[in-house]
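To start, the structure under review is shown below, and the notes come after it.
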Amino acid sequence: MDHQQLLGKHTQLQADFHAFLEQARINQQIMQRHHDFDMRLLDADDFPDLLDILLNRMLEAFDLQAINLFLNDTKQDIRRIVAHLKMQAEQIPHLHFLDYSEQFGADYAALRKPALSPYQTRHACFFPGATPPASVAIVPLLRHQEPIGFLALGSDAGTRFSPHLATDFLERQASFIAICIENVLNSERLKQVGLTDPLTGVNNRRYIEQRLLGEINQAQRQQNELSCLYIDIDFFKRINDSVGHQAGDEVLCEVANRIKTQLRLNDALGRFGGEEFVVLLVQTGHAVALQIAERIRNGIASIPISYKGSTAKNGGRISSTVSIGVASIAPSIRDATPVLMHQLIAQADRALYQAKASGRNRIGSDMQLQKS
């Protein structure tokens, strides 16, 4: 081999060596990004932080065009956490709730390993409102071999997610993400335990009062209306005396459930003690609050409640009604927040007394708090 060939060979080896070093540098950067992503995910201490890391930071860490997180929420448990945290849908457009069997079919309900392929029209449901990516990975999130949801990853590189590629890394990452999601959701549930009525499963008085303070502040800033319903089960002592306290507890739970069916996700229901409930209606004026109160009243009065109570061997059905007091805050009001909270609840309580005094199974209405 002559001098010129040796020089050419040496030049080529140098170029290959520098290319190798550059690729090693790039790989190190990628590994560092993934490590930083994992550490941030592990440190997430609440659900909003976790979603920000998953749906925003992951795009950069994994060099993706699009990402959507789908969580199985057939009992609407996660949606209640979202509502409790006052997270609006427009703030989390890439988080979706699903029932596998209804929305994506049996194929995805049975998915246990990442499915990689070029983008096809059947993938449109995984990337709503987005420019279709060139290739996609549908990655199941498994806990104890059961899916809690999945990630839909999209890349603008057509060969990024090819069917023949190994999926070990994605599977490991998905397991780590699933654990982090479960941990954060359990943490959010624990936070709510102290704010939940153990019998009915709805919020307790402490939660409603805390939430009311926040909503009054927001209503004043944004010039929104706010309404409160004070609900009392009529003749509840008679129910306990006639069919027993176990049946009475069942009536309480069913009344709470029927109230919830008439509320929006951002509204709040709390048991205030005994047979009394308070409903907080966000961005709701007095006229609409009266309509909601009437739907609640009719929903309870129109259908008897089934029970298994202790005094009836085979259980039975009992008719129950509620009286409701309605009070609202006008947008112009400017009193101190704690004062307004107590005034609003007291006014709804007075309206409830009016409803009971006029015959029960009806709605009492007080004037809006108007002073500025």
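The values are calculated or read from the model by the stated rules, or taken from the named source; none is laboratory data. Given the structure is predicted, the values throughout are model-derived calculations rather than measurements. No Cβ is skipped: glycine too gets one built from the backbone with ideal geometry, and neighbour counts run over all protein chains shown. Accessible surface areas use protein heavy atoms only, side chains included; no ligands, DNA or RNA. Shrake-Rupley method; radii C 1.70, N 1.55, O 1.52, S 1.80 Å.
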*asked:* Suppose we filter region 93-107 for residues that are assigned to a loop (DSSP other than H, G, I, E, B) and either open to solvent by less than 70 Å² (accessible area, probe 1.4 Å) or modelled with pLDDT under 85 (or both); how many remain?
replied: 2
*Say we look at region 174-191 and pick out the residues that are of a type outside the set (A, V, I, L, M) and in contact with a strand residue (DSSP E or B) (Cβ under 8 Å, 6 or more places away or on another chain); which of these is farthest from LEU71 (Cα to Cα)?*
SER175
*Give the residue that is farthest from PRO128 (Cα to Cα), with candidates limited to residues of region 50-75 that are without any contact (Cβ under 8 Å) to a residue 12 or more places away in the chain and under 21 Å from the mean Cα position of the chain (by Cα).*
LYS75
*Taking the stated definitions as given, is HIS123 surrounded by 14 or more Cβ atoms within 10 Å (Cβ to Cβ), over 30 Å from GLN210 (Cα atoms) and either free of Cβ contacts under 8 Å to residues at least 60 places away in the same chain or of a type in the set (Asp, Glu) (or both)?*
yes
_Filter result (open to solvent by 20 Å² or more (accessible area, probe 1.4 Å) and either in contact (Cβ under 8 Å) with a residue 12 or more places away in the chain or part of a strand (DSSP E or B) (or both)) within region 133-144_ = ALA134, LEU142, ARG143
*asked:* Please go through region 249-275 and give me each residue that is part of a loop (DSSP other than H, G, I, E, B), touching an Asp or Glu at 6+ places or on another chain (Cβ under 9 Å) and not charged (D, E, K, R), ordered by number.
replied: GLY274
*Scan (1) free of Cβ contacts under 8 Å to residues at least 60 places away in the same chain; (2) buried (at least 20 other Cβ atoms within 10 Å of the Cβ) for the single condition SER227 breaks and write down its number.*
(1)
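Could you count how many residues in region 279-307 are of a type in the set (A, V, I, L, M, F, W, C), open to solvent by less than 30 Å² (accessible area, probe 1.4 Å) and either in a helix (DSSP H, G or I) or touching a His at 6+ places or on another chain (Cβ under 8 Å) (or both)?
So the count comes out to 5.
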*Tell me, which residue of region 36-92 that is of a type in the set (D, E, K, R) and part of a loop (DSSP other than H, G, I, E, B) is surrounded by the fewest Cβ atoms within 10 Å (Cβ to Cβ)?*
LYS75
*Would you point out which residue out of LEU213, LEU190 is of a type in the set (A, V, I, L, M), closer than 30 Å to ALA152 by Cβ and surrounded by fewer than 16 Cβ atoms within 10 Å (Cβ to Cβ)?*
LEU190
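Considering only residues that are of a type in the set (A, V, I, L, M, F, W, C) and open to solvent by less than 60 Å² (accessible area, probe 1.4 Å), look in region 253-276 and name the one that is nearest to ASN203 (Cα to Cα).
First, pick out the residues of region 253-276 that are of a type in the set (A, V, I, L, M, F, W, C): 253, 255-256, 259, 263, 265, 268-269, 272.
Subset that is open to solvent by less than 60 Å² (accessible area, probe 1.4 Å): 253, 255-256, 259, 263, 268-269, 272.
Details: CYS253: 12, VAL255: 14, ALA256: 10, ILE259: 13, LEU263: 14, ALA268: 8, LEU269: 6, PHE272: 9 Å.
It comes out as LEU269.
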*asked:* more than 23 Å from ASP366 (Cα to Cα) and crowded, with 20+ Cβ neighbours inside 10 Å: which single residue out of ALA178, ALA219, ALA166 fits that description?
replied: ALA178
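Being within 18 Å of the chain's Cα centre (by Cα) and of a type in the set (Gly, Ala, Ser) narrows it down to one residue among GLY201, GLY248; which is it?
Values: GLY248 fails: within 18 Å of the chain's Cα centre (by Cα).
The match here is GLY201.
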*Out of (1) modelled with pLDDT of 90 or more; (2) in contact with a strand residue (DSSP E or B) (Cβ under 6 Å, 6 or more places away or on another chain); (3) open to solvent by less than 30 Å² (accessible area, probe 1.4 Å), what's the single condition that is false for SER117?*
(2)
_Tell me whether region 225-248 contains one or more residues that are part of a loop (DSSP other than H, G, I, E, B), of a type in the set (S, T, N, Q) and under 19 Å from ALA327 (Cβ atoms)._
no
*asked:* I'm trying to understand the selection: among the residues of region 193-209, which are surrounded by 14 or more Cβ atoms within 10 Å (Cβ to Cβ), in a helix (DSSP H, G or I) and not charged (D, E, K, R)?
replied: TYR207, ILE208
*In region 145-190, which residue that is in a helix (DSSP H, G or I), in contact (Cβ under 8 Å) with a residue 40 or more places away in the chain and of a type in the set (Val, Ile, Thr) is farthest from MET58 (Cα to Cα)?*
VAL184
_Against the conditions (1) under 29 Å from the mean Cα position of the chain (by Cα); (2) modelled with pLDDT under 90, where does ARG297 fall short? Just the number, please._
(2)
